[in-house]
1. Return the sequence-ordered ³J(HN,Hα) values of segment 81-93 in whole Hz as given by the Karplus equation 6.51 cos²θ - 1.76 cosθ + 1.60 applied to θ = phi - 60°, using x for Gly and Pro.
2. If I model a spin label as a point 7 Å beyond the Cα along the Cα-Cβ vector, how far apart are those points for residue 67 and residue 91 in nm?
3. Taking every DSSP beta bridge that has both residues in segment 49-193, what percent is antiparallel when rounded to the nearest 5?
4. What is segment 61-103 by shape, rounded, prolate or oblate, if you read a ≥ b ≥ c off the alpha carbon gyration tensor as root eigenvalues and call it rounded for a/c under 1.5, prolate for a/b larger than b/c, and oblate otherwise?
5. Over the Cα atoms of segment 154-195, what radius of gyration and what Dmax do you get, in Å?
6. Hey, what did segment 91-148 get for relative contact order, percent, Cα under 8 Å, at least 6 apart?
7. Please compute the modelled spin-label separation between residue 128 and residue 174, points set 7 Å along Cα→Cβ, answer in nm with one decimal.
8. Whose amide H sits under 5 Å from the amide H of residue 112, counting only residues 5 or more places off or on another chain, with H placed in the peptide plane?
Amino acid sequence: MEHEIDASDDDVGDEPVRRSPVPWLVGGFLALLSGFLVLNAVLADDSDVPVGDPPPEVSFELLDGGSTTFAAFRGQPTVVNFFASWCAPCIRELPDIQAASEIFAGQVNVIGLSVSDRIEDTEALLVETGVTFPVGLDPNGAIHREVADLGVMPSTAFIAADGTLLSVQAGTISGEDLDERIRTELLPTIEDASP
């Protein structure tokens, strides 16, 4: 026998209705996520990047020994990827950066700068991700702040063959986008840099 509920029962509504906190938690999470996405979009505005100027003439140590500067790469366009082992998006994009270094070998320099990271952690990450392109060290993040002052990791700088900064990608870049930017932004600068 089924029991029918009569809404006119006197005891209906005597107890307060308890609402689940889940909708409030989900709403709060979505509000925080929206705020983060808006902040990331604002920080990704490339308008404050010194486009058209050469990157700073700073020397940085290379992980495999020695040191170099951005000027050492003049004559060929250069992709500079700022990453760290503690940055999950950085780890995800490193295989795409490595693939680009192989595809455009001899035409485009690809270098990485490990930002505010321990050498051991950087070395382990490079082994894990199969990175073979040259990697420099930016132990306190000073170079990252000067070249890609966007407050976002990872960041990827695109430097023309003449050594001037063309643009900076704030946040991750897909393999397809990286390939397109190299073809449309960097490779044409080889001809522009020719005497």
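Derivation of every value follows stated rules applied to the coordinates shown; laboratory data play no part. Quantities reported herein were computed from a predicted structural model and do not represent experimental measurements. Glycine also receives a Cβ, built like all others from the backbone with ideal geometry; neighbour counts cover every protein chain displayed.
1. 9, 8, 9, 7, 5, 8, 10, 4, x, 4, 4, 5, 8
2. That separation, rounded to one decimal, is 3.1 nm.
3. Bridges in segment 49-193 that DSSP calls antiparallel: roughly 55 percent.
4. Oblate is the answer for segment 61-103, as a/c is 1.5 or above yet b/c matches or exceeds a/b.
5. Over segment 154-195's Cα set, Rg and Dmax evaluate to 10.8, 35 Å.
6. The value is 41 percent.
7. 2.5
8. Result for residue 112 returns 81, 135, 136.
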